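Colleague: Once you've had a glance at the structure underneath, I'll fire off some questions.
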Amino acid sequence: MRENSRPMIEARNVSKHFGSFRALHDVSFSVAANEKVVIIGPSGSGKSTLLRSINRLETIDSGSIIVDGVNIADPKVDICNVREEVGMVFQSFNLFPHKTVLENLTLAQLVVRKRSRAEAADRAMELLKKVGIAEKASAYPGKLSGGQQQRVAIARSLAMNPKMMLFDEPTSALDPEMIGEVLDVMKDLAREGMTMAVVTHEMGFAREVADKVIFMDQGAIVEVGTPEHFFTNPSHERARQFLSQIL
Amino acid sequence: MSTSESPQSHIDVGDGAAIPTKSDVGLFTAWRIAFVGSIACCIFLAVYKPDPYLAIFKFVPDGILVTFKVTVGAILLAIVLGLFTGLGRISTNRLVNGIASLYVEVIRGIPLLVQIFYIYYALGRFVRIPDLFSAIIAMAVCYGAYMGEVFRAGIQSIPKGQMEAALSLGMSRRQAMRHVILPQSIKVVLPPIGNEFIALLKDSSLVSILAVSDLLRRCREFASESFTYFETYTVIALIYLVITLFFSKLIGIMEERLNAGK
């Protein structure tokens, strides 16, 4: 047993509205260290909002989210310190188009982590090799395919040595033939023991990698369980309906 | 309608792919005709009728220099003012945002000529500074507001995901602005800044109503001494035209370079 059993992410009774629209309703869940949690659900169910609220890209109306021991709902908390430790990968990659691939990976290391230029470049090249794209280090993101861009984006987050990684529909903007290469990188990461929270529509990935599947609908968590349980015998009608539509 | 009607009987208005590009010969020569033509006019007039044209041309270089001083000084100041105004306009701090917005609204609602008088005399009440500087400040305060809108639009044209990506890597908003957003905005704002520069160059003729000896004022002085109003104003128009055409070409080339770099 690990002596540190404190969860990496612990959300309690989180609620959020966009105007009158109820985006999140009394959501509670936790992600333990090294755990891989996959969040699924129909569009508009609040999965992305939930994920984005973990590093306060969305603020919450009530409840608390404790990330690595820090309550990020507390406005006095310096969120930058938390974000350094929480990598995030976006659906639309969001690489910096005015910087080369290498500079994309070194920028935050230099500015935030205050690493030396050589140290940052070493770390960047190591990760570019790992995601299989080292030969593109001096290219600009615009010259890369979607799959390559997303792998660079993952490497960019990893360059900060985060304690956990959030993935917000990382393959949804990709052409079908490029989804595999990105999922492979994510699977490698999972195997190495990274703590991961993933919003995705890739059920195969969820089944293979997840320790825990969270199913959301209309801003609330409907069902939480292991992939075997969720995909073979979900307890809620709504989850059954969802699975029958997509599988 | 008979089908025998000539297909040439209507005027083609280009749209989409049919819009003529800048490299199209017809459009390119329009600039050439204006530029070469106006220079040729100047030379022709100076040679053919040295009195009074050559005298006018000899009289105005000082004025051109002053016009440039006002324009360059004002544009630099306006860029600085505009950057801060633009940042203020997107600030979440209500006070900062309010001040920036108020500045833009007030300045845009007052004619430039009135502003120049107002700032000139208002400054004159409190400090004794050379007329040239009050003129530069007056122009900069006005153009700073327009420039602020250019910067605001430039910053807002950068996709939201860029700021989010920078923040998620642990950068502060300030760091994200400096390293991620502003460097990308520069490409967007350079062409409109170029246009503002040309507009300012032309509007700088308004400072001739103050005691600033710019191009227009120099010429007016000459005209009122020699009573050659028509000739003098012909020369002024030609000189402004040549300068403006020159810079608009320069900006066009710069813009093409920027696009080529994409």
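Colleague: Can you tell me which residue within the range B:248-262, out of those that are of a type outside the set (D, E, K, R) and surrounded by 15 or more Cβ atoms within 10 Å (Cβ to Cβ), is modelled with the highest pLDDT?
Modeller: Checked the range B:248-262; the qualifying residue modelled with the highest pLDDT is B:Ser248.
Colleague: So which of A:Met165, A:Met160 ends up being within 12 Å of chain B (Cβ to nearest Cβ), among the hydrophobic types (A, V, I, L, M, F, W, C), over 14 Å from the mean Cα position of the chain (by Cα) and not in a helix (DSSP H, G or I)? Steps first, answer last, please.
Modeller: Working: A:Met165 fails: over 14 Å from the mean Cα position of the chain (by Cα).
Answer to the check: A:Met160.
Colleague: With A:Phe21, A:Phe93 as the choices, which residue is of a type in the set (Phe, Trp, Tyr), under 25 Å from A:Ile246 (Cβ atoms) and within 13 Å of the chain's Cα centre (by Cα)? Talk me through it step by step, then tell me what you get.
Modeller: Values: A:Phe21 fails: within 13 Å of the chain's Cα centre (by Cα).
Of the residues listed, the single one that is of a type in the set (Phe, Trp, Tyr), under 25 Å from A:Ile246 (Cβ atoms) and within 13 Å of the chain's Cα centre (by Cα) is A:Phe93.
Colleague: Has the range B:208-217 got any residue that is small (Gly, Ala, Ser) and in contact with a Leu (Cβ under 7 Å, 6 or more places away or on another chain)? Please lay out each step first, then the result.
Modeller: Residues of the range B:208-217 that are small (Gly, Ala, Ser), as a first pass: B:208, B:211, B:213.
Still in the list and also in contact with a Leu (Cβ under 7 Å, 6 or more places away or on another chain): B:208.
Yes, the conditions are met somewhere in the range B:208-217.
Colleague: When the residues of the range A:42-63 are filtered to those that are of a type in the set (A, V, I, L, M) and away from every other protein chain (no Cβ under 14 Å), which remaining residue is nearest to the chain's Cα centre (by Cα)?
Modeller: The selected residue is A:Leu50.
Colleague: Suppose the filter is away from every other protein chain (no Cβ under 11 Å) and over 23 Å from A:Val38 (Cα atoms); does A:Glu177 pass it?
Modeller: Values: away from every other protein chain (no Cβ under 11 Å): yes; over 23 Å from A:Val38 (Cα atoms): no.
When the stated conditions are applied, A:Glu177 does not pass them.
For (1) touching a residue at least 40 places away in the same chain (Cβ under 8 Å); (2) hydroxyl-bearing (Ser, Thr, Tyr); (3) within 13 Å of chain A (Cβ to nearest Cβ), each residue gets a yes or a no:
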position: B:Ala122; (1), (2), (3): no, no, no
position: B:Pro130; (1), (2), (3): no, no, no
position: B:Tyr143; (1), (2), (3): yes, yes, no
position: B:Leu167; (1), (2), (3): no, no, yes
position: B:Lys187; (1), (2), (3): yes, no, yes
position: B:Ser208; (1), (2), (3): no, yes, no
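Colleague: On the given criteria, is B:Gln156 surrounded by fewer than 22 Cβ atoms within 10 Å (Cβ to Cβ), facing chain A (nearest Cβ under 9 Å) and in contact (Cβ under 8 Å) with a residue 12 or more places away in the chain?
Modeller: no
Colleague: Next question. For the range A:64-101, enumerate the residues that are closer than 19 Å to A:Lys47 by Cα, surrounded by 17 or more Cβ atoms within 10 Å (Cβ to Cβ) and more than 7 Å from every other protein chain (Cβ to nearest Cβ).
Modeller: Scanning the range A:64-101 gives A:Ile65, A:Ile66, A:Val67, A:Ile72, A:Ala73, A:Val86, A:Gly87, A:Val89, A:Gln91, A:Phe93.
The values are calculated or read from the model by the stated rules, or taken from the named source; none is laboratory data. Here the structure is a predicted model, which means the values were calculated and not measured. For neighbour counting, all protein chains shown are included, and Cβ atoms are generated from backbone atoms with ideal geometry for every residue, glycine included.
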